[in-house]
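Chemist: Take a look at the following structure, please.
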Amino acid sequence: MDSLNKDALLDRVLAISHAIAGQLDYQSVLRQVAGEIYELFEFDHVDVAIINPSGIDFTVYEVGMETEWGRNIKGNHTIVNSPVRSVLLGELPFLLTDDALIDERFHFEGAFDSPIFEAALHSRIIVPLHAHGSLLGTLNISNKQKQKYNQTDVTVANYIADLLATYFFAVSQGEEAKAAVIAENQALNRENMLRIGALRLTEGMEQERKRIGMDLHDQTLADLTRTVRHISRLRRREEVNVHDLALLEDEIDTCLKELRNIIEDTKPGVLELFGLSQAIEAQLLRAVAGIRPSISIGVIDKTEAYLDAADESLQTTIFRIVQEAINNAVKHSRPTYLKVEMSKTETGARIEIMDDGAGIDNDADMTSGGLGNMNVRAALISAEISFLPVKAGGTHVVLDIPFEAVVQ
Ligand SMILES: Nc1ncnc2c1ncn2[C@@H]1O[C@H](COP(=O)(O)OP(=O)(O)OP(=O)(O)O)[C@@H](O)[C@H]1O
Ligand SMILES: [Mg+2]
């Protein structure tokens with residue numbers, strides 16, 4: 001269940017909550033949610049053990065398959081004889097096992113553990129059902145395969161148990177109390193939804209803040225640095241003519257347009273106008289303009305426009321990574337050449353940015369600034385990025401983009 005994201009989990013939990021609404025006995029509640037629980041964990045057997053008012057024994061309700069546990073023969077279900085007594089007694093917060101058949105925690109003198117062997121319930125998760133400050137029982141999820149569940153599953157099982165427990169608590173109350181608890185639970189659900197909604201919103205804002213930060217860094221900061229360089233070149237001249245000023249004006253104008261794009265979150269102008277490989281070439285031209293000694297540049301695109309069909313945001317991310325690699329090469333390495341090569345590989349697409357300059361330091365900080373941004377952006381599109389030193393001198397940045405990111 002590793003791949004389940006927070007949104008999908010929320011949807012499932014809400015579905016469980018809807019499925020139980022209105023069910024007022026244990027077996028119906030369990031039957032209603034079984035399908036939803038199955039979406040979260042494959043299981044062969046699920047049961048809940050509900051502690052009876054005596055506090056000495058408990059009743060079992062099961063779905064999936066029938067076992068001796070479900071037969072509820074009087075006297076069978078004393079807590080001290082339950083294989084999951086450690087959780088029923090509140091001694092352990094949960095039980096997670098890859099193989100309950102050999103896990104000693106489930107087997108002891110007098111344990112009613114025969115169904116574990118008869119039904120071959122190897123993998124098991126046992127979590128407590130807590131409501132209104134008391135322990136009502138346990139939720140037990142089992143699978144015939146070994147090593148089926150992990151710690152994430154325990155967390156999710158706990159969510160489900162919390163949700164079920166409030167309903168079970170309602171079931172254990174009189175009619176009036178039932179209605180009150182159900183109303184309270186509905187309010188709790190609404191509150192949870194609001195809380196999760198607010199969390200999603202904050203996460204969205206945080207991501208947006210990061211994006212703007214990275215875009216300003218890769219685009220606006222680099223543009224303004226270039227313009228300052230241009231102005232300082234002009235300052236060293238005897239006189240400045242109208243043509244020079246017009247070029248400067250153009251530069252600032254472009255920078256303003258890009259800044260507006262960043263604010264409006266549209267594609268970088270150069271990408272919109274030219275497509276990816278042309279945009280990279282245009283970026284190279286812009287980056288080396290006016291640099292002395294001059295830098296020879298080249299773009300080789302062997303992908304047959306493969307990446308042009310990809311999602312806009314993927315292209316933008318790739319462009320931003322290449323843009324920073326180009327800016328870095330020009331800014332730090334004093335190369336004689338700077339080349340970008342795009343190719344198809346067995347696993348997707350590869351973009352290489354190569355310079356023959358000073359070479360990147362081994363101890364360069366990969367976690368912040370431009371290099372940090374490149375790493376973050378690569379991770380966002382599930383791409384691999386590496387910075388390889390070149391024997392003859394220079395830097396070789398390799399970006400590997402997987403098929404799955406390109407074809408969606
Ligand atoms: N192509 C390159 N050739 C040589 N050194 C490089 C190259 N790319 C990066 N570096 C080195 O790595 C360091 C970190 O790069 P990074 O892009 O993170 O920061 P920066 O370019 O100095 O500042 P900024 O945060 O504005 O990008 C640079 O200071 C430089 O020393
Ligand atoms: Mg940089």
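Chemist: Within the set of pairs 6 or more residues apart or between chains, which connect a residue that is closer than 14 Å to residue 82 by Cα and in the same structural domain as residue 139 (by TED's automatic domain parsing) inside the stretch 93-111 to a residue that is in a loop (DSSP other than H, G, I, E, B) and among the β-branched types (Val, Ile, Thr) with Cβ atoms less than 7 Å apart?
Modeler: Listed by first residue and then by second, the contacts come to 95/84.
Chemist: Now for a separate question. Kindly provide the set of residues from the stretch 351-385 that are under 19 Å from residue 303 (Cβ atoms) and of a type in the set (S, T, N, Q), ordered by number.
Modeler: Of everything in the stretch 351-385, just one residue is under 19 Å from residue 303 (Cβ atoms) and of a type in the set (S, T, N, Q), namely 382.
Chemist: Also: Might you check whether a residue that is at pLDDT 95 or above, over 32 Å from the mean Cα position of the chain (by Cα) and not polar (S, T, N, Q) occurs anywhere in the stretch 160-175?
Modeler: no
Chemist: Just to be sure before I move on: is residue 390 at pLDDT below 95, of a type in the set (A, V, I, L, M), closer than 28 Å to residue 293 by Cβ and more than 15 Å from ligand 2 (Cβ to nearest atom) in the structure I sent?
Modeler: yes
Chemist: OK, next. Being in contact (Cβ under 8 Å) with a residue 60 or more places away in the chain, under 35 Å from the mean Cα position of the chain (by Cα) and either crowded, with 16+ Cβ neighbours inside 10 Å or at positive phi (or both) is the filter here; which residues of the stretch 31-55 pass it?
Modeler: The answer is 33, 37, 40, 41, 43, 44, 45, 46, 47, 48, 49.
Chemist: Filter the stretch 1-58 for residues that are within 29 Å of residue 80 (Cβ to Cβ) and of a type in the set (Asp, Glu); which is modelled with the lowest pLDDT?
Modeler: Filtering first and then ranking leaves 25.
Chemist: Looking only at the stretch 130-151, which residues are among the aliphatic types (A, V, I, L, M) and at pLDDT 95 or above?
Modeler: 139, 141
Chemist: Read through the list (1) under 43 Å from the mean Cα position of the chain (by Cα); (2) more than 30 Å from residue 205 (Cβ to Cβ), then give the number of the only condition that residue 231 fails.
Modeler: Only one criterion is unmet by residue 231, namely (1).
Chemist: Is it true that residue 93 is outside any loop (DSSP other than H, G, I, E, B), modelled with pLDDT of 90 or more and closer than 24 Å to residue 156 by Cβ?
Modeler: no
Chemist: Also, quick follow-up: Got a number for residues in the stretch 321-353 being within 13 Å of ligand 1 (Cβ to nearest atom), surrounded by fewer than 21 Cβ atoms within 10 Å (Cβ to Cβ) and within 19 Å of residue 384 (Cβ to Cβ)?
Modeler: Of the residues in that region, 1 qualify.
Chemist: Is there any pair with a first residue in the stretch 356-382 that is at positive phi and a second that is more than 9 Å from ligand 1 (Cβ to nearest atom) whose Cβ atoms are under 6 Å apart and which are 6 or more apart or on different chains, and what are they?
Modeler: Close Cβ pairs satisfying both conditions: 359/389; 359/393; 382/402; 382/405.
Chemist: Assess whether residue 370 counts as being within 12 Å of ligand 1 (Cβ to nearest atom), under 20 Å from residue 340 (Cα atoms), crowded, with 19+ Cβ neighbours inside 10 Å and among the small types (Gly, Ala, Ser).
Modeler: Answer is yes for this residue.
Chemist: If you check 317, 227, 254, which single one turns out to be among the β-branched types (Val, Ile, Thr), under 16 Å from residue 215 (Cβ atoms) and not assigned by TED's automatic domain parsing to the domain that holds residue 375?
Modeler: The match here is 254.
Chemist: Considering each residue of the stretch 141-157, count those that are exposed (fewer than 14 other Cβ atoms within 10 Å of the Cβ) and among the acidic types (Asp, Glu), and give that number.
Modeler: Residues that pass the stated criteria total 0.
Chemist: From the set of residues in the stretch 96-110 that are of a type in the set (A, V, I, L, M, F, W, C) and assigned to a loop (DSSP other than H, G, I, E, B), which is farthest from the chain's Cα centre (by Cα)?
Modeler: Filtering first and then ranking leaves 108.
Chemist: Considering 358, 309, which residue is assigned by TED's automatic domain parsing to the domain that holds residue 294, surrounded by fewer than 22 Cβ atoms within 10 Å (Cβ to Cβ) and touching a His at 6+ places or on another chain (Cβ under 8 Å)?
Modeler: 358
Chemist: Within the stretch 373-387, take every residue that is within 16 Å of ligand 2 (Cβ to nearest atom) and among the polar types (S, T, N, Q) and give me the one that is surrounded by the fewest Cβ atoms within 10 Å (Cβ to Cβ).
Modeler: 375
The values are calculated or read from the model by the stated rules, or taken from the named source; none is laboratory data. Please read all numbers here as calculations on a predicted model, not as lab measurements. Here the Cβ is made from the backbone with ideal geometry for all residues, glycine too, and neighbour counts use every protein chain on show.
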